[in-house]
1. Look at Ala151 and say whether it is surrounded by 15 or more Cβ atoms within 10 Å (Cβ to Cβ) and in contact (Cβ under 8 Å) with a residue 12 or more places away in the chain.
2. Can you give me the number of residues within region 154-168 that are assigned to a loop (DSSP other than H, G, I, E, B) and at pLDDT 95 or above?
3. How many residues are among the aromatic types (Phe, Trp, Tyr) and open to solvent by 20 Å² or more (accessible area, probe 1.4 Å) when one looks only at region 32-72?
4. May I ask you to verify whether Ser75 is open to solvent by less than 30 Å² (accessible area, probe 1.4 Å) and among the hydroxyl-bearing types (Ser, Thr, Tyr)?
5. Residues that are of a type in the set (Phe, Trp, Tyr), at least 1 per element: which helices (runs of 4 or more DSSP H) completely within region 57-153 meet that?
6. Exactly one of these conditions fails for Ile24: (1) modelled with pLDDT under 60; (2) closer than 29 Å to Pro83 by Cβ; (3) of a type outside the set (Asp, Glu); (4) part of a loop (DSSP other than H, G, I, E, B). Give me its number.
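The values are calculated or read from the model by the stated rules, or taken from the named source; none is laboratory data. Everything quoted here is computed from the prediction, not taken from an experiment. We place every Cβ from the backbone using ideal geometry, glycine too, and count neighbours over all the protein chains shown. Surface accessibility is based on the protein's heavy atoms, side chains included, excluding ligands, DNA and RNA. Shrake-Rupley method; radii C 1.70, N 1.55, O 1.52, S 1.80 Å.
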Amino acid sequence: MTRTRRKNNIAQLKAEPGQRRCFITGAPADRSCLIRFAEGPDKLIYPDLTEKLGGRGIWLSASRRVLEEAIAHGSFRKALHAPVKVPDGFADHVEELLKKRCLDLLGLAKKAGCLVVGFEKVKEAAHQAPLAVIVQAKDGSAAEKKRLTDAFSAAFQVDDFTTEELDLALGRDFCVHLGIKKCKLAETFKNEVLRWRAYQDIEENKE
């Protein structure tokens with residue numbers, strides 16, 4: 001089956017309420033699995049990760065490969081019927097913004113009082129009430145990371161960030177083991193991590 005026929009077959013799938021259709025693949029998906037790109041007043045394309053930018057937009061699957069295909073085929077101009085431009089290094093820029101959004105959400109969780117920092121404090125908090133997310137620095141102690149992962153396997157596991165990145169996000173030193181209590185921010189953080197992983201073509205959810 002040719003790519004055109006496959007795309008036409010996918011395009012026949014019905015988009016459910018709250019879903020959008022990827023312009024490249026034609027496949028419908030929840031908005032959390034897609035990225036909206038908006039046309040700016042300067043005729044440049046901007047990633048609209050929070051879906052708050054005005055102007056006309058185009059939805060793409062959260063995938064670097066799909067974005068690069070859209071850029072190569074001039075899909076933004078075709079979809080928006082406008083002479084829009086894509087900045088140089090755009091795919092790298094989108095990846096960095098997806099990562100930054102995850103780290104910013106950790107900062108918001110801290111301000112909201114939903115974040116627990118420190119190995120012993122995470123263990124104590126998890127025994128009092130189930131944690132929604134366990135975050136551990138990817139350059140932390142493998143043995144200590146395994147202890148928390150095994151003990152609280154029901155929580156969504158994240159080890160995508162370095163200690164330095166977590167320190168900068170939270171404005172403190174030695175942020176190696178974190179826990180997020182069950183709250184709306186925890187679900188948003190989980191969805192953003194999954195979207196960032198999907199963009200990088202990381203299939204394992206690490207749950």
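1. Numbers: surrounded by 15 or more Cβ atoms within 10 Å (Cβ to Cβ): no; in contact (Cβ under 8 Å) with a residue 12 or more places away in the chain: yes.
So Ala151 does not fit the description; no.
2. Initial filter on region 154-168 (assigned to a loop (DSSP other than H, G, I, E, B)): 154-155, 159-162.
Next, only the ones that are at pLDDT 95 or above stay: 155, 159-162.
So the count comes out to 5.
3. The initial filter retains those residues of region 32-72 that are among the aromatic types (Phe, Trp, Tyr), namely 37, 46, 59.
Next, from what is left, pick out any that are open to solvent by 20 Å² or more (accessible area, probe 1.4 Å): 46, 59.
Of the residues in that region, 2 qualify.
4. Details: open to solvent by less than 30 Å² (accessible area, probe 1.4 Å): yes; among the hydroxyl-bearing types (Ser, Thr, Tyr): yes.
Against the criterion (open to solvent by less than 30 Å² (accessible area, probe 1.4 Å) and among the hydroxyl-bearing types (Ser, Thr, Tyr)), Ser75 qualifies.
5. Numbers: elements: 64-72, 75-80, 90-111, 119-128, 142-151.
Once the helices (runs of 4 or more DSSP H) in region 57-153 are filtered for at least 1 residues that are of a type in the set (Phe, Trp, Tyr), what remains is 75-80, 90-111, 119-128.
6. (1)
The rows are residues; the columns are (1) open to solvent by 20 Å² or more (accessible area, probe 1.4 Å); (2) under 20 Å from Glu51 (Cα atoms); (3) free of Cβ contacts under 8 Å to residues at least 12 places away in the same chain.
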residue: Pro83; (1), (2), (3): yes, no, no
residue: Leu97; (1), (2), (3): yes, yes, no
residue: Cys102; (1), (2), (3): no, yes, no
residue: Val122; (1), (2), (3): no, no, no
